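Working notes, beginning with the structure itself.
Values quoted throughout were computed directly from the atomic coordinates according to the rules given, and no laboratory measurement underlies them. None of the values given here were measured: they were computed from a predicted structure. Glycine also receives a Cβ, built like all others from the backbone with ideal geometry; neighbour counts cover every protein chain displayed.
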Amino acid sequence: MAQEILSAGIDIGTTTSQVIFSRLRLEDNSYTAVPDVKITQKEVLYKSPVYFTPLRDDGNIDAQALDRLLLTEYARAKVKREDVSTGAVIITGESSRKQNARLAVEELSAAAGDFVVAAAGPDLESVLAGYGAGAADYSEKYPATVANFDIGGGTTNVAVFLGGELQDAFALDIGGRLVRLSADHSVTYISPRLKPLMAAMGLRLQVGRAAELAELVKLAGQFADICRRICLDEPLEPWERGLYIGHGKRLGKLNAVMFSGGVAEYIHDAPVMCWEDVLRYGDIGPLVGVAFWRAFSAQPQVKLLNSRERIRATVIGAGSYAVRLSGSTVMLDDALVPLTNIPVIRLEHLESPVALKEEYRLKRDVYPQRQQVAISLAGPAGSSYVDLANLADGLLRATENDAQILLVVMEQDFAKALGLLLKHRGKGRQVICLDRIKAQPGDYIDVGRSVAGTVPVVVKTLIFKS
Amino acid sequence: MNETEEFVSDISLPEVKERVLVEHPHSLAMIKRLKKTTNARLGVGRAGDRYRTETLLKFRADHAIAQDAVWTDIDETLIDEMGFYKVQTLVQNKEEYVRRPDRGRLFSAGTMAAIKRDCIHNPDVQLVIADGLSGFAINANLKDIYAIMMDGFQEKGYRVGTPIFVRYSRVATMDKISEALGATVTIQLIGERPGLATGESMSVYMAYEASSKKPESQRTVVSNIYEQGIPPLEAGAQVVHLTEVLMREKKSGVDLKI
């Protein structure tokens, strides 16, 4: 039995914005009366042109223009809002730091479809680009730690995968539009974040003055070399470390790397650049691309892989990979969903109802009393009825003062059983219980309406922010 | 030799199968990941063009578990503890059970009369517990699946009949019991034919107004119930859900488009 759903990906970036629609095929591969539904195929049906993100004179996102753009693209793709059952809107690059971005995107997500969720944050952006580029899939097929560098206008977003699983995500102030140029070769903009690096390199680039090609090449080369050293786990100078936005774990040496993002369109065996090529977009993007090609194609230590997508990696990640399916035996009431932006409380001390209640109380106190929260756990302490009944009692007792839905997500396949016990013992409590979902403290989750007996869930991971 | 030192390892332990026996693997991590996706004998290496000794011994140990499961009479301690009503088919011993599947589907007239005399009539849900081809499966899973099913049935307000344990039973005994007692939904827990992966796997067969006049396709089945397969608790919750579906749709098996 197969079913298809339509998913939208919308990427609002510092420089450019895009929309894609993809078709996800859900199949039940079970041969008995216990369903086992999985996403078996992801097909991109429509890719919008790459638009310049509409900005108002004050530099904020022009929400109305964005709305119009979205309407146009839905019409062009011949997609109706009500046909779109899932997907994600993501704010990427420097625009995520802009004040009105979140608001604009939340309005957009409501207009985009029922369960098209708003998501932001440099880590999530890295992760989605890594999925869209194909780094996660590669690491699942081959025994390699694979990083995807999504090099955009404002930032470079890195996600590291091993065995198909995310290992790390971080972002760097490296991008194609951090230095901008006019047609007469003069510099029109330099990102303030580059100042320490440029000073240390002794570059004399200045806004309003003509740029020397050699200096731009040197800067682009430095960007590439910093990324090369990150891949090889070689040390960075303090002014280079300053380009990290947040921090990543130290992972050691990487086996393979791929590139996505607008700049990656230039990471190939290209002829030497002349001014005409350089100035095509009025920025250093093409130069940065060429520099990365030189830095990575000339060394044998890290394998350079072709990415599946370049400028569209993030938007395809948002449209095709943001949504996960829960297990197929769960406890859900469609009348209670969709739920969006639910903070996750992770419980570890499940051994006794008393410990559980104490842990929950401490972690619950951080949030307002009326806030809906999600309880995340690995599974019951053991697999017997008594273990599960204890867990159910512990959860009910711990949450007895909460008026909201008792929303539990777990990794092990026990959701239907735990849900049954929670309903049976917690007379009248509203219960949602989902499994095969891994959510960490600090994550936010969105829960959609059930499709073919399984539940679409978006886990917005912020774990690498420290 | 020190007495506490273990010289011979226990080949029947499940973790023996988790070991990678390939010499000089290109990527140990990759083989381990592959092995996690299945309990087939992957990554076992070879000695010439044959199995290595450890693999062969493990294979034979697993086969022995399957043999034991089929040929061992079920230990009824748990059945007695739970106070189930006990009957037996026409079969007299294990050998006859294996040779004469037809007799494992039938009760004597006396047994049928006793069932009618002693058990609750016209229940919403009738439970039948059958040893089938593995009594081990019943003893491993019964307690947990039974407890959660009872919670579920109570929650739904179903009238549950007298649980009946059938010794030397094939699946079709559920039809006879359903007919005798006029049950709406009959649910049979039965030990599966053991394979080389486990001897503890159980199936649940369910039918709406189960009848010996209906074809085998009347039955809805949940199989592969054991700790590493579908956990008995989760299977029990699914059975409760399916019971609701059967009650609502008033049909079961292939007639039910699920």
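Annotations
- Relative contact order of segment A:124-304, pairs being alpha-carbon contacts under 8 Å that are 6 or more residues apart, as %: 25
- Shielding by partners, peptide A:198-209 (average Cβ within 10 angstrom, other chains): 0
- As a rough guide to protection, the peptides A:30-42, B:120-132 ranked by mean Cβ packing within 10 Å, highest first, stand as B:120-132, A:30-42.
- Rounded D (µm²/s) - segment B:1-100, Kirkwood Rh over Cα pairs, Stokes-Einstein at 37 °C, 0.692 mPa s: 187
- The eigenvalues of the Cα gyration tensor, multiplied by 5 and square-rooted, give chain B an equivalent ellipsoid with semi-axes of 39, 21, 17 Å from largest to smallest.
- When segment A:105-251 is reduced to its Cα atoms, the Kirkwood hydrodynamic radius in Å: 17.0
- Backbone amide hydrogens, once placed in the peptide plane, bring B:Val185 within less than 5 Å of B:Val125, B:Gln126, B:Glu209, excluding anything fewer than 5 places away on its chain.
- Residue among B:Ile164, B:Leu242, B:Asn93 farthest towards the positive dipole end of chain B, charges placed on Cβ: B:Leu242
- Fraction of antiparallel bridges per DSSP, chain A only, in percent to nearest 5: 65
- Peptide B:232-244 has a mean of 6 when you count, residue by residue, the C-beta atoms of other protein chains within 10 Å of its C-beta.
- Segments B:193-202, A:145-154 sorted - mean Cβ within 10 Å per residue, highest first: A:145-154, B:193-202
- Amide H contacts of B:Asn224 (H built 1.01 Å from N, in plane; Pro and chain starts excluded): B:Met202 sit under 5 Å, all sequence-distant by 5 or more or on other chains.
- Summing +1 for each Lys or Arg and -1 for each Asp or Glu among the other residues whose beta-carbon sits under 11 angstrom from that of A:Tyr385 gives -2.
- Calculated P(r) tail over 42 Å for chain A, as whole % of Cα pairs: 20
- The alpha carbon centroids of segment B:86-137 and segment A:273-318 are separated by 72 Å.
- Reachable aspartates and glutamates from B:Lys251, criterion Cα separation under 20 angstrom, eight or more residues apart if same chain: B:Asp124, B:Asp175, B:Glu179, B:Glu209, B:Glu216
- Legend: mean number of C-beta atoms from other chains within 10 angstrom of residue C-beta atoms, peptide A:383-392, equals 4.
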